[in-house]
Amino acid sequence: ILGEHLRICPQGYTCCTSEMEENFANKSRSEFEAMMKEAGRSVQATLTAQHRSFDSYFQDLLNKSEKALYDAFPSMYGELYTQNVKVFKDLYSELRRYYRSSNINLEEALNEFWTRLLERLFKQLNPQYHITDEYLDCMVKHAEQHRPFGEVPRDLKVKATRAFIAARSYAQGFLVGSDVVRKVSQVSLSHECTRAIMKLMYCPHCRGMSSVKPCNNYCLNVVKGCLANQADLSTEWKYLMDALIGVADRIDGPYNVDTVIGTIHMRIAEAISNLQENKDSITSKVFQGCGNPKISTKGSSSEDKKRRGKVTLEAKSSAQALEMLVLDAKGNLTALKTYWITLPSSLCSKKVMASSASDDKCWNGMTKGSYLPEVMGDGLANQINNPEVEVDITKPDMTIRQQIMQLKIMTNRLGNANIGNDVDFQDTSDDMSGSGSGDSCPDDVCGKRLSKSPSTRQPETHAIPKQSGHGVHGASSRSLPSASLLLLLLSVAAIAPQHLWR
C-alpha cells in the first residue's frame, strides 16, 4: 500500500499500517533498552565479582588473624589475655567497622586500643598496688614517652592504616563502578532516538526487506547519537579504572594487605612481650612521674598473669592468592576502560547485527544500498551534525552528569588511598604527622586531642553504593580536588542554564 500514513519510515510503498509502525516503534525501543541493560549487566557482573572476591579474601585475612589470637593468647599470656578478651574483640570489631565504611577514625581506634590495653595490663602486672583511674591517667601520659609497647604501635599504625585505607577504597571502587553502570543503563531513550532506532531496526520490514541488515556506519551514527551522553562518561570511567589498578598495585605491593592484616595478632603479641620484658623499667619511670601508688590490701600474686610458656605464632601467607586476585582484577579493569566508547560498535556488531561497512546492499535508512555519511565522533558535542538523530547538545542528561560526578568523587578517594591518605579524615593529617600519631601514643590524650580538633568533625558524606550491608561514605580531600567541591559543582550544574554544558 502507499505509505503516506507513515510517520517514521520512508513513505514509499509499504506493507505496514500506522498501527504496525507504532508497534514496531515500541518494540524497537524496548529491544534497544534491553540490549543496553544486558550489556550493562555484563559489566556489573564483572565488577561485582571482583568486589566479592577481594572482599572475601580481605575478610578472611582478618578472621584468621583474630582466630589465631584467640587460639594462642590464652596459653601465652594466661590471665593477661583472659581478663582482657573484650579489648581484643573490640579492636577487630572496629577494624571491621572501618573496612565496611562506618564513619570512624582508624588512627583514633588504634590509639584507643593501645590505651585500654596498657591501662589494663599495667594494673595486672602490678597487682600489689592499688591503682586508681586518676593514677592510670597520669601513668598513660608518662608512659607515652617511654614506649611501653616498643615501636609496634607506631609501626602498626602506619602500615595498618595504609592497608585498610587502600582495601576499603578498592572495594568501594568496584561497587561505585557497578552502580554507575546500573543507573546509566536505566536512562530512557529520547523521542528522537526512539524514531531513529525504529527506522534502523524495523523500517526495512515495512519495505519488505526484513532480511536486509542495516549498514554498519548507519547503525553507528544512530547508536552514537542515542548514546551520546553515555559516551561522555568515558573519560572519568577510564580514570576510575586506572585508579583501581593503581590501588591494586599498592595492595599487592607497598601496602601489602596479606603481610599487614594477616599478622596483626603477631604484632600485638610482640607489643605485649615488650611490655613484659620492660615492666620493671616502665613501672619505675611511672612511679617517678606519678608517685608511688598505695599498696593493695589484696596483694594477689601475678604469677598466673605472666606468660606461661612460649607459643610460636605464625602467619600463613596467602600472597599467591592475593597476587592472582590482583592480576585478574587488573586484566578485567583494563578491558573495561573503553566500555562506553566501544558500546555503539558492540551493539551494532553483536546485537543489531549490522552489515559490514563496505556492503552496498545494506539498509541505509531509505532503501537497500550503500551508506555515504561519515561516522560521527563520540560524545554529546560531536553529535551536532548527526544525520540520523536530532541531538540537542545543550541539554545533557542530568542523571548521567550525576554519575560522572560520582566517578570523579570515587577516583579522588582512590587517588588519596594510593598515597596513604584517608579522605574521610583527611583534615587530621596535621595532627597525625605530629608527635601524637608518630609516637606509639597508647593513651587517651591523643584521642582527646584529636577529638577536640575541628579536623575530626563529622565528615561530609555523599551517597554511593552499600557494601556488606553498610552505607559507604566519602568526604573531602586536600591533596586532590575535594569531594565536597565536586558535589557543589554538581548542585550548580543541576540548576544552571542548559547552555552551561555546551
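General observations
- Tally, over the range 22-38, of residues that are of a type in the set (A, V, I, L, M, F, W, C) and either within 30 Å of the chain's Cα centre (by Cα) or open to solvent by 50 Å² or more (accessible area, probe 1.4 Å) (or both): 3
- Filter pass, ILE261 being modelled with pLDDT of 85 or more and either under 32 Å from the mean Cα position of the chain (by Cα) or of a type in the set (Gly, Ala, Ser) (or both): yes
- Options GLU108, GLU134; residue that is open to solvent by 10 Å² or more (accessible area, probe 1.4 Å) and in contact with a helix residue (DSSP H, G or I) (Cβ under 8 Å, 6 or more places away or on another chain): GLU108
- Qualifying residues in the range 25-58 (those that are touching a Ser or Thr at 6+ places or on another chain (Cβ under 8 Å) and among the β-branched types (Val, Ile, Thr)) - the one nearest to GLN230 (Cα to Cα): VAL43
- Restricting the range 211-227 to residues that are of a type outside the set (A, V, I, L, M, F, W, C) and touching a Phe, Trp or Tyr at 6+ places or on another chain (Cβ under 9 Å), the residue that is surrounded by the fewest Cβ atoms within 10 Å (Cβ to Cβ) is LYS213.
- Test: ARG41 is charged (D, E, K, R), surrounded by fewer than 19 Cβ atoms within 10 Å (Cβ to Cβ) and more than 30 Å from CYS348 (Cα to Cα): no
- Residues of the range 121-142 that are closer than 23 Å to ILE268 by Cα and outside any helix (DSSP H, G or I): ASN126, PRO127.
- Taken over the range 374-418, the residue count meeting the criterion of being under 30 Å from ILE251 (Cβ atoms), open to solvent by 50 Å² or more (accessible area, probe 1.4 Å) and modelled with pLDDT under 95 is 0.
- The residue that is farthest from the chain's Cα centre (by Cα), counting only those in the range 326-345 that are over 16 Å from TYR239 (Cα atoms) and in contact (Cβ under 8 Å) with a residue 60 or more places away in the chain, is SER345.
- Hey, ALA166 surrounded by 21 or more Cβ atoms within 10 Å (Cβ to Cβ) and more than 30 Å from VAL326 (Cβ to Cβ) or not: no
The values are calculated or read from the model by the stated rules, or taken from the named source; none is laboratory data. Please read these numbers as outputs of a predicted model, since none were measured by experiment. Because the Cβ atoms are built from the backbone with ideal geometry, glycine has one as well, and the counts that use them run over all protein chains shown. Heavy atoms of the whole protein, side chains included, go into the accessibility calculation; ligands, DNA and RNA do not. Shrake-Rupley method; radii C 1.70, N 1.55, O 1.52, S 1.80 Å.
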